[in-house]
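So the structure is just underneath, and the comments pick up after that.
The values are calculated or read from the model by the stated rules, or taken from the named source; none is laboratory data. It should be emphasised that the depicted structure is a prediction, and the values quoted were computed from it without experimental measurement. Neighbour counts run over all protein chains shown; Cβ positions are idealised from the backbone, glycine included.
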Amino acid sequence: MANISASIPRNIMAASSICFASAAYLADWSHTHVLNPRWPPHAKFHNGQTMSVGAMNAALVVYLLNRRTKNSEMERLLVFVAALSGSITAFAGLSAIFYPGTAWTDPEFDTGALIPPQAYVFIGHLMITWLGYVLEISRLNKRQEKI
């Protein structure tokens, strides 16, 4: 069955996960997060943990989307698990605001925006991932109908 190089939707899903994980490093390895002298070491630990989980999720997405299988149902399942895995970090980021004492930004960097930039990034990544999933499942279904 198809692998990542044979499918535009799979490429979209993989690229979105890789870009999302890379963006976390670009945004968080800065004066607002990892290099922020006001942050205690344990906060930096959890920031590093989140960045590493995002990178590992992206690697898992690429692996799942590139995994060859001869079974069409297994192929659909792998694509679904790839979409789910690729969504975990974004869902976690969106849910983090609901924990007591959290804020989208530290006070010195607060712009007063009603919806912070990272929320757009999280939602955008989720939309791209699940659009890729829907397009890939549609492609697989059409291919199955031809058989």
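The single residue among N36, N71 that is surrounded by 15 or more Cβ atoms within 10 Å (Cβ to Cβ), out of contact with any helix residue (DSSP H, G or I) (no Cβ under 7 Å at 6 or more places or on another chain) and either farther than 21 Å from G124 by Cα or of a type in the set (S, T, Y) (or both) turns out to be N36.
Among the residues here, A43 does not qualify as out of contact with any Cys (no Cβ under 6 Å at 6 or more places or on another chain), closer than 27 Å to E136 by Cα and of a type in the set (G, A, S). Which of the residues belonging to region 1-33 are crowded, with 17+ Cβ neighbours inside 10 Å and under 16 Å from the mean Cα position of the chain (by Cα)? Within region 1-33, P9, R10, I12, M13, A14, S16, S17, F20, A21, A24, D28 qualify.
A single entry from T89, T102 fulfils the requirement of being of a type in the set (S, T, N, Q), under 21 Å from S52 (Cβ atoms) and exposed (fewer than 15 other Cβ atoms within 10 Å of the Cβ): T102. Of the residues in region 45-54, none is at pLDDT 95 or above, over 30 Å from S30 (Cβ atoms), surrounded by 14 or more Cβ atoms within 10 Å (Cβ to Cβ) and of a type outside the set (D, E, K, R). Suppose the filter is over 30 Å from L140 (Cα atoms), assigned to a loop (DSSP other than H, G, I, E, B) and not charged (D, E, K, R); does L26 pass it? Judged against the criteria, L26 is not a match. With respect to the stated conditions, A82 is more than 16 Å from I123 (Cα to Cα), surrounded by 15 or more Cβ atoms within 10 Å (Cβ to Cβ) and either of a type in the set (F, W, Y) or touching a Leu at 6+ places or on another chain (Cβ under 6 Å) (or both).
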